[in-house]
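Step one of this worksheet: look at the structure below.
The values are calculated or read from the model by the stated rules, or taken from the named source; none is laboratory data. Everything numeric in this text was worked out from a predicted model, so none of it was measured. Every residue, glycine among them, receives a Cβ derived from its backbone with ideal geometry; neighbour counts consider all protein chains shown. Ligands, DNA and RNA are stripped out before the accessible areas are found, and what is left, the full protein with its side chains, is counted by its heavy atoms. Shrake-Rupley method; radii C 1.70, N 1.55, O 1.52, S 1.80 Å.
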Amino acid sequence: FRRCLIKMTVFLSTLTPKFYFALTVTSSFISGLIFVFEWWHFRKYGTSFIEQVSVSHLRPLIGGAENSPPAPAAFSAGENETSRQNMPECKVWRNPLNLFRGAEYSRYMWVTGKEPLTYYDMNLSAQDHQNFFTCDTDALRPSDTVMQKAWRERNPQARIKAAYQALELNNDCATAYVLLAEEEATTIVDAEKYFKQALKAGEMIYRKSQNCHSQSPQHEAQLRRDTNVLVYVKRRLAMCARKLGRIREAVKMMRDLMKEFPLLSMLNIHENLLEALLELQAYADVQAVLAKYDDISLPKSAAICYTAALLKARAVSERFSPETASKRGLSTAEINAVEAIHRAVEFNPHVPKYLLEMKSLVLPPEHILKRGDSEAVAYAFFHLQHWKRIEGALNLLHCTWEGTFRMIPYPLEKGHLFYPYPSCTETADRELLPTFHEVSVYPQKELPFFIHFTAGLCSFSAMLALLTHQFPELMVIFAKAVSIVSVVGLA
């Protein structure tokens, strides 16, 4: 053993400054690469790669417990109700104001070369179309059989080709016109033409289904499908009118649709109505819609909460000044406006950065996660103009929105006006939003230990390399001394 120590000491004493310089530079380079990869993995997936590998693969090998013990029950009866309400919030919802694939999403891709929709989002839409537009009696009509296959196709051109095949079999196939309006039409005007044809065919089929829906369960299923088609077509026609500037016509169509089919409130047509009324600056009508849908028993949305905050901010924002308010205090109307903003921010804390243009917007996805970044993108994309139109509204938001976080220091554990913020939003939003968009995360995560560690190791190695390059003899003496002390310590 002594001979080995003597040989090691002799070997270390023969090393040149170039060796130590190369060693420190290599160490700095490798630790730098690890740091960059760790940082990229954390920004993209929200976790440390080294930590994830350690927990998933190394812990079982060294005998660590794979399953943690069950957590003790820590909810009272009221809190159990809150935890049950928490579950639906991680459900993905259809975006009420989703854009048109051919006329909007595809045009964006042609211009930028970037795919605005994720595979996960488009797959959810395919499932929606199969649920809305197909039923068990499709086999009785050849055109419906073709369309049933069309909705399952992944290739857009194959879907469009199938729609034309369905029209050859039946010129009154409403769902074929719907598919062409959504995916082949390259302008809103063209999409509206297809939807008008779909409306004509859909109303005829709907009347036939109404007359025989009580004959059998199959006919009832067919009526539900035909109702879905008719509601979808009327809603999209209203959205076409809104996009083409015929806003009063769009409002009338939406109101008529909500009266004709009041049981379909889960489709959130009122959110389309709210946006159109805000464009008309019909604030009294907006308040009337909010009075009906901003109810404690109904599920909330960013559109509901932030529109309510906008109306209250409108009453005071023009004369609001933070300096004056700090001297004289807030008036009752200003307190109501600030509380409404805090309520909206607590529901969805991602929205203000988009409204204040602190984060760049992308096209909204076809599906959103309530309280998540995807909902924030969808809301701000359509409503930013309404906030800008009201003088001082964005200034009031800028001065007050961060005060929300003082009321909820631990948002994942306890909320103020709403149940705790769901921890599942980040994962779902990364699936819904395109990869070129930087997903907003709330609450902000601390950097993992290994990012700090690799950054420190890289910096320390780089400093040693620099010192070795500047003072080679001194650093060699220092390295040999440290090596000899280490060897003696081992002996």
In Å², rounded to a whole number, the accessible area per residue of region 177-227 with probe 1.4 Å is 51
Hey, got the dipole for region 195-262? About the Cα centre, +1 on K and R Cβ, -1 on D and E Cβ, debye to the nearest 20?
420
What is the spin-label model distance, in nm, from LYS193 to PHE436 if the labels are put 7 Å beyond Cα along the C-beta direction?
3.1
Rounded to the nearest 10 Å², what accessible area does SER28 show when all protein chains are kept and the probe is 1.4 Å?
20
Using a 1.4 Å probe and ignoring any ligands, DNA or RNA, find the accessible area of HIS270 and quote it in Å² to the nearest 10.
20
Low-density loop cleavage sites - GluC sites (Glu not before Pro) in region 304-394, where at most 14 other Cβ are within 10 Å (DSSP)
GLU357, GLU391
Filter the cross-link list LYS114/LYS359; LYS114/LYS196; LYS300/LYS359; LYS149/LYS300; LYS149/LYS252; LYS252/LYS353 down to pairs whose alpha-carbon distance in this structure exceeds 28 Å.
LYS114/LYS196; LYS149/LYS300; LYS149/LYS252; LYS252/LYS353
Could you give the size of the charge dipole of region 220-371 about its Cα centre, using +1 on the Cβ of each K and R and -1 on the Cβ of each D and E, expressed in debye and rounded to the nearest 20?
180
Quick one: order TRP151, TRP110 from most to least accessible surface, probe 1.4 Å.
TRP110, TRP151
Express the accessible area of region 347-447 per residue in Å², computed with a 1.4 Å probe while the remaining protein chains stay in the model.
43
Go through ARG207, ARG159 and list them by solvent-accessible area, largest first, probe radius 1.4 Å.
ARG207, ARG159
The farthest towards the positive end of the charge dipole of region 281-355, of the residues ASN348, LEU290, LEU330, given +1 on Cβ of Lys and Arg and -1 on Cβ of Asp and Glu, is LEU330
Of TYR164, TYR108, ordered by accessible area with the largest first and a 1.4 Å probe, the sequence is TYR164, TYR108
Test item: Cα-centred dipole of region 288-434, Lys/Arg +1 and Asp/Glu -1 on Cβ, debye
380
